[in-house]
1. Describe numerically, in nm with one decimal, the distance between label points set 7 Å from Cα along Cα→Cβ at B:L150 and at A:D32.
2. Along the charge dipole of region B:4-79, pointing to its positive end and built from +1/-1 on Cβ of Lys, Arg, Asp and Glu, which listed residue (B:M25, B:V51, B:G74) has its Cα farthest out?
3. Using the 7 Å Cα-to-Cβ label point, sort the distances from B:G74 to its equivalents in the other copies shortest first and give them in nm to one decimal.
4. Counting only protein heavy atoms, probe 1.4 Å: which residues of region A:113-130 lose 20 Å² or more of accessible surface in the full assembly compared with their chain by itself?
5. A:A158 to A:I78: FRET efficiency via 1/(1 + (r/R0)^6), r the Cβ-Cβ distance, R0 35 Å, to the nearest 0.05?
6. At a threshold of 8 angstrom on Cα-Cα distance, excluding pairs fewer than six apart, so keeping six or more, what relative contact order does region A:4-79 reach in percent?
7. Which of rounded, prolate or oblate describes region A:107-222 when judged by the alpha-carbon gyration tensor and an a/c cut-off of 1.5?
8. With the cut-off at 1.5 for a/c, could you classify region A:107-153 from its C-alpha gyration tensor as rounded, prolate or oblate?
There are 2 protein chains.
Amino acid sequence: MVRDAELLAKDSIGRRSDAVAEALMRMIQAGDLQEGDRLPAERDLMLRYGVSRSAVREAILALANRGLLLTRLGHRPIVCKPDYEIAIDRVGNLVGHLVVERNGVWNLFESRIFFEAALARWAASHAKRDDIEELRGALEANRLAIGHSLPFDETDAAFHAVLYRIPGNPIYPAVHKAYVEWLVQHWRSMKRGADIDRMNHAGHEAIFEAIAARDPDGAEEALRRHLVAAWEFVRSTFASDRRGRGQSPLGEA
Amino acid sequence: MVRDAELLAKDSIGRRSDAVAEALMRMIQAGDLQEGDRLPAERDLMLRYGVSRSAVREAILALANRGLLLTRLGHRPIVCKPDYEIAIDRVGNLVGHLVVERNGVWNLFESRIFFEAALARWAASHAKRDDIEELRGALEANRLAIGHSLPFDETDAAFHAVLYRIPGNPIYPAVHKAYVEWLVQHWRSMKRGADIDRMNHAGHEAIFEAIAARDPDGAEEALRRHLVAAWEFVRSTFASDRRGRGQSPLGEA
DNA sequence: GGCTGGCGTTTGGTCCGACCATATGTTAGC
DNA sequence: GCTAACATATGGTCGGACCAAACGCCAGCC
């Protein structure tokens with residue numbers, strides 16, 4: 001029994017469960033608990049730290065809420081080092097609350113336009129030949145899916161995903177995934193025809209052409225046009241949230 | 001007693017506490033519980049929903065972890081609608097885990113350079129006269145703080161903050177706050193002289209001049225130079241995390 | 001011998017009742 | 001009228017009990 005060695009500081013002022021959670025977090029960060037390892041059982045921990053099971057449970061719950069642990073009934077909790085996607089996932093439910101407020105969805109979408117415009121510019125300046133080919137492939141797949149809503153949406157997202165992947169920073173694909181998840185709810189259940197698909201595909205094509213032509217300004221403008229058009233088409237689906245005031249994503253030009 | 005009306009679905013499959021949490025969340029989202037309102041007492045809720053106090057507590061804890069409730073000992077929990085800052089705050093502790101891994105800090109900083117470069121470009125294209133004046137004021141305050149580490153850092157952050165504020169999207173200032181919080185730990189306790197301050201101020205000045213001159217390309221390049229220089233100066237402070245492979249933020253030019 | 005089924009063990013999920021610590025409101029005493 | 005002690009409300013902790021899902025072991029069957 002390592003009880004004495006791992007005793008909690010008795011003078012800690014906060015909740016016991018916080019102290020336990022911190023102790024566990026230190027163990028994880030220090031590497032005593034590797035990713036995939038199973039945590040000691042609740043009843044063991046309560047002996048080890050000299051607290052009740054309630055405190056242990058609340059600590060485990062807190063870490064699970066932060067994505068550091070994965071709990072299943074009947075299983076010991078599993079240590080689960082979070083990646084950027086999980087990190088953004090955790091904040092996802094909060095975003096759900098934020099977007100209900102005035103302009104919430106627009107703010108979110110505007111940030112996407114802003115970020116993605118910068119990505120398009122970057123791609124036009126720095127994309128390697130392989131990147132361009134990948135983009136071309138995604139564009140072609142998108143073209144073939146015209147008229148089939150579900151596959152079109154998937155290839156649509158895949159095309160944009162390439163843009164997020166090109167800079168090589170693992171944070172960006174996670175951001176993209178977050179945008180897709182948070183925004184997709186707002187144009188679900190939309191009946192649309194192949195003409196809309198064609199419009200979007202044309203937008204993708206213009207973006208691709210500008211990037212392939214190494215034209216940053218053109219790439220950014222094409223992307224802004226594409227996303228703004230998509231927004232204009234879709235914003236009728238939620239009457240409660242309008243663009244309202246705010247600068248146009250296309251600028252004053 | 002409204003017990004019957006608010007009974008939980010008995011056929012719910014997950015944990016009881018999750019069901020309670022969801023019920024509370026719906027009440028918050030529906031506006032039955034306004035921001036600042038106090039939640040019913042735990043003992044009331046356990047009667048209302050017909051579950052034990054443990055379940056109620058775990059539900060409250062989960063919502064508190066997500067930032068929807070603010071709990072104090074002896075007080076009833078207070079409903080606390082999260083803003084973007086809180087949302088990003090919640091994900092903050094996770095980032096602490098992420099940056100310890102290889103290139104973690106660099107990935108984070110690179111994303112900041114990327115985002116802020118786009119902000120500089122935007123400012124050069126769209127900043128209003130008031131925005132420019134605000135930027136000029138921040139620059140001047142920064143100049144006056146040269147040689148005084150703490151005030152200089154503050155005015156430094158304030159200068160950059162103006163860039164995040166100019167587009168008018170409330171998400172961006174929250175992102176800036178997050179960057180500052182996450183990255184500041186990595187160049188804390190750095191002894192530096194006024195010459196370093198002068199270098200950073202010169203960087204700010206170059207950014208301001210380009211924005212004031214309505215030169216997007218120049219603004220972006222000045223900002224990249226400034227941040228990359230700051231990075232190069234600071235990265236010696238943590239030997240375990242290097243830039244490693246990855247494209248230069250200045251491009252191949 | 002190998003697969004399969006059942007049974008006991010482990011372990012998380014829930015409940016109950018009690019007590020403690022802190023904050024607030026109330027009242028008795030000066 | 002002000003202050004201090006008391007009562008009340010409320011979250012935090014505890015210990016024990018039981019339930020349900022998952023796992024592991026072992027016997028029995030093909």
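1. Spacing of the two 7 Å Cα→Cβ label points: 3.6 nm.
2. B:G74
3. Between copies, matching label points for B:G74 lie 4.6 nm apart.
4. Listed by number, the residues meeting the 20 Å² cut-off are A:F114, A:F115, A:A118, A:R121, A:W122, A:H126, A:K128.
5. Result of the calculation: an efficiency of 0.70.
6. 37 percent
7. oblate
8. Here region A:107-153 falls in the oblate category.
The values are calculated or read from the model by the stated rules, or taken from the named source; none is laboratory data. Predicted, not measured: the structure shown is a model, and the values here were computed from it. We place every Cβ from the backbone using ideal geometry, glycine too, and count neighbours over all the protein chains shown. Note: accessible area is taken over every heavy atom of the protein model, side chains too, but ligands, DNA and RNA are not part of it. Shrake-Rupley method; radii C 1.70, N 1.55, O 1.52, S 1.80 Å.
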